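Below you'll find the structure, written out as C-alpha cells, and then a few comments.
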Amino acid sequence: MPEQLSTVILCGGRGTRAYPLTADLPKPLLRIAGTPIVEHVMGIYARRGQTRFVLALGYRGELIVEHCQTRGLPWEIEYVDTGLDTPTGARLRRCAAAAGPTFFASYADGLADIDLAALLARHRAHGRPATITTVPLPSPYGTLDLDPSDGVRGFAEKPHLPDHWINAGFFVFDASVFADPRHGDDLEREILPSLAGAGDLHAHRHTGFWRSLDTFKDLQELEALLGGDGPPWW
C-alpha cells in the first residue's frame, strides 16, 4: 500500500489560451472523450493509490463542485475557494492546511504516466522541501538535421529536445514552502525561482508520456491518442 498523501489540483485559472472553449466553462471541465480533464488527472493519482484530493477553485469553481458531486466520484475530495484571480502559489498556500505536512500538487490540465512512488521516493531521499517533475521540451515544430555544409540530411517531426527540460506540473511540496510569504505568491515566477536560489528545489526527471491541454488543437490531439488499450497516461 503506497504512502497516502493529499493531492492539491490547481483548478482556479481562467484558461484564456483555450478561449472560446472556456468562455463559460472552467478549463478543468473541458472533456477528453466525454470525461473532463480534471477527472483524468485525478484518475492518474487514483490508479496509483492516491485518492485524497484538494481542489483549489476559482473561476467557475461551482461548476467543478457540481460535476464532481453529480458524478459521485469514489474519492475523498475537499473543495477550497482560493479566489477568482489568485496567483497559483497563493492558491497552494490557501490549500496547505487542508493538504497536510507533505502533499502532491498538479495542474488540472497536464497528463502523464508519472511514477508517483518514484517521485515521492525522490522527494524523501533528497531532503529538500520541494520537488518538481521535469520533462524534455517537446518542440512544437519539425526540425532539420543539417550536415556541416548545411546540406539537409533529414527531418524530425516535433522531437523532444533532451538538452532543455521544462516544468511538467507534477510536484511534491512540504507545507513549510508556503509558510514563508517572502517566497511570493506566483508559483512559477516567484516561489520556484526563490526555492531554486536557496537550494531548496530538486528535480525528478520523467521521460515517459506527458502532454498538457492548452488549446483546442491540444484537445484534439489528446483525443486522437485514445485507443483500445486506454489512455497513454494510464
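The numbers here are math on the coordinates, done by the rules we state, and not lab data. Predicted, not measured: the structure shown is a model, and the values here were computed from it. FYI the Cβ positions are ideal-geometry reconstructions off the backbone, even for glycines, and counts take in every protein chain you see.
Assorted remarks:
- Low-density loop positions, chymotrypsin sites (Phe, Trp or Tyr not before Pro), region 103-192 - DSSP coil, at most 11 other Cβ in 10 Å: TYR141
- Percent of beta bridges antiparallel (DSSP, the chain, rounded to nearest 5): 50 percent
- Loop GluC sites (Glu not before Pro), region 127-190, which have at most 11 other Cβ atoms in a 10 Å radius of their Cβ (DSSP): GLU157
- The coefficient of translational diffusion for region 118-234, derived via Stokes-Einstein from the alpha carbon Kirkwood radius under 25 °C and 0.890 mPa s, stands at 144 µm²/s.
- Likely footprinting exposure, SER149, SER176, SER212, SER106, fewest C-beta neighbours within 10 Å first: SER149, SER176, SER212, SER106
- Relative contact order of the chain, pairs being alpha-carbon contacts under 8 Å that are 6 or more residues apart, as %: 24 percent
- Full extension of the chain segment joining ASP214 with LEU226 gains 2.5 nm, where the gain is 0.36 nm per residue of separation less the Cα-Cα distance.
- The alpha carbons of the chain give a radius of gyration and a Dmax of 18.4, 63 Å, in that order.
- Those residues of region 114-150 whose amide nitrogen sits under 11 Å from the label point placed on ALA203, 7 Å along Cα→Cβ: 132-137
- Counting neighbouring Cβ atoms within 10 Å and putting the fewest first, the residues LEU10, LEU5 line up as LEU5, LEU10.
- Going from the fewest other Cβ atoms within 10 Å to the most, the residues MET1, MET42 appear in the order MET1, MET42.
- Taking 7 Å steps out from each Cα toward its Cβ at ARG182 and ASP147 produces label points 5.9 nm apart.
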